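Asks: This is the structure, below, for whatever I ask next.
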Amino acid sequence: MSELRDPAETAVNQCLDLEAGESFAVVTDRKREHIAEALYEVAGEVTDDVTLVRYPVGEQHGAEPPEPVAAAMAGADVVLAPTTKSLSHTTARADATGGGTRAATLPGITEAVFATGLDADYSHIAAACEAVLEQVAGADELRVTSPQGTDITLEPGSREWIPDTGVVHEPGDFSNLPAGEVFVSPETANGRVVVDGTMRPHGRLNGDQVAFTVEDGHVTSIEDESVRAELEAAAATAGEDVYNLAELGIGTNVAVTELVGSVLLDEKAGGTVHLAIGDSHAIGGDVSVPIHLDGILTEPTVYADGTELDLPRA
């Protein structure tokens, strides 16, 4: 577990700034125990109030954890959650940070991604997020195009852009780790998206593409059998809201120079854009469903009210 020591120290000390006397909870499942144990060990050197909570692997990304897990998250000063299925877009996470817990989730994290993605200077990532925010703040319309055929226009409306810097030092702060993006949940969107980077359930597409059409903020057609099947299965229990165009995100982590097939890491790569389908209630939107699928574009051009953005690149 020695190879996990350095990234665990970055997460606990640089990103979360854990202090003596604070309560700290690691939330995990059996598939991510080694990472959780590394975080637990490092945190235990800072504070005596450390808890490791393990629960069964969730059924899907965005599914709520058991109530005792949610209570542990809400009751801690600091939470790190390396889990197989994402807790980022859950009411449990939103309630915890809304109550003052500062937290970072590491959904789908692997030991390799943990080591690579946490090998970064998060003060530089925070600066890159600020540079993007300055370009998009107040824009009425965003347009994203790509050589692969993406051409979509999105309107943030009254919803705020959110920086995911990895610097989680104040009560209520939240980030994914690895971090590095600026995102918004648009009020509406229209156009065509062609994903050429990474998207669940495929992972790295490696020359393939996932295309879908968006009308009035909802996905109306999907030219990929696997993605379509995932959404249809979710819609069978959660309804048509699963087709919500949930997010526009811009990657700001220039330390990520190559996509590896992990959405958690790949969506942070500097100069990429990701568009997500499904849940948005925990990121500024109003749709609450147990699915959130991100698709990553590797060669995007982004315009804010007609002005091309200067995207952070390696």
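The values are calculated or read from the model by the stated rules, or taken from the named source; none is laboratory data. Not measured: the values here are computed from a predicted model. Glycine also receives a Cβ, built like all others from the backbone with ideal geometry; neighbour counts cover every protein chain displayed.
Asks: Pick out the one residue from Ala282, Ala233, Ala229 that is on the phi < 0 side of the Ramachandran plot and in a loop (DSSP other than H, G, I, E, B).
Replies: Sole residue among the options that is on the phi < 0 side of the Ramachandran plot and in a loop (DSSP other than H, G, I, E, B): Ala282.
Asks: Right, here's the next one. How many of the residues making up region 112-139 are closer than 27 Å to Val260 by Cβ, modelled with pLDDT of 95 or more and charged (D, E, K, R)?
Replies: 1
Asks: Based on what the data block shows, is Ala246 in contact with a Gly (Cβ under 6 Å, 6 or more places away or on another chain), at pLDDT 95 or above and in the same structural domain as Gly203 (by TED's automatic domain parsing)?
Replies: Yes, satisfied.
Asks: Still on this structure, please answer the following. Go through the residues of region 55-78 one by one and say whether even a single one is at positive phi and at pLDDT below 90. Outline the logic, then answer.
Replies: Our first condition is that a residue be at positive phi; within region 55-78, this holds for 62.
Those left that are additionally at pLDDT below 90: 62.
Among the residues of region 55-78, at least one is at positive phi and at pLDDT below 90, which makes the answer yes.
Asks: Could I ask something else about it? Which one of the conditions (1) at pLDDT below 95; (2) exposed (fewer than 15 other Cβ atoms within 10 Å of the Cβ) does Ser221 fail to meet, given that it meets all the rest?
Replies: Unmet condition: (1).
Asks: Determine whether Ala139 is touching an Asp or Glu at 6+ places or on another chain (Cβ under 6 Å) and in the same structural domain as Val302 (by TED's automatic domain parsing).
Replies: So Ala139 passes the test.
Asks: Taking only pairs six or more apart or across chains, which ones have beta-carbon atoms under 9 Å, a first residue in region 36-51 that is part of a loop (DSSP other than H, G, I, E, B), and a second residue that is hydroxyl-bearing (Ser, Thr, Tyr)?
Replies: That search, which allows pairs on different chains as well, returns Thr47/Ser23; Asp49/Ser23.
Asks: Could you list, in sequence order, the residues of region 247-268 that are more than 12 Å from the chain's Cα centre (by Cα), among the aliphatic types (A, V, I, L, M) and crowded, with 24+ Cβ neighbours inside 10 Å?
Replies: Hit for region 247-268 is Val256, nothing else.
Asks: With the structure loaded, tell me whether Leu39 is in the same structural domain as Leu177 (by TED's automatic domain parsing), closer than 20 Å to His169 by Cβ and not small (Gly, Ala, Ser) or whether it fails that test.
Replies: When the stated conditions are applied, Leu39 does not pass them.
Asks: For region 194-218: of the residues being among the small types (Gly, Ala, Ser) and within 14 Å of Glu299 (Cα to Cα), which is modelled with the lowest pLDDT?
Replies: Here the residue is Gly207.
Asks: Okay, next question. Just a yes or no: is a residue in region 11-21 under 17 Å from Ala112 (Cα atoms), touching a residue at least 40 places away in the same chain (Cβ under 8 Å) and either among the aromatic types (Phe, Trp, Tyr) or assigned to a helix (DSSP H, G or I) (or both)?
Replies: Yes: one or more hits.
Asks: Here are Thr97, Thr83, Thr47: which of them is at pLDDT 95 or above and more than 28 Å from Glu247 (Cα to Cα)?
Replies: On the way: Thr97 fails: more than 28 Å from Glu247 (Cα to Cα); Thr83 fails: more than 28 Å from Glu247 (Cα to Cα).
Just a single option satisfies the conditions, and that option is Thr47.
Asks: For region 52-61, which residues satisfy the criterion of being part of a loop (DSSP other than H, G, I, E, B) and β-branched (Val, Ile, Thr)?
Replies: Answer for region 52-61, where residues must be part of a loop (DSSP other than H, G, I, E, B) and β-branched (Val, Ile, Thr): just Val57.
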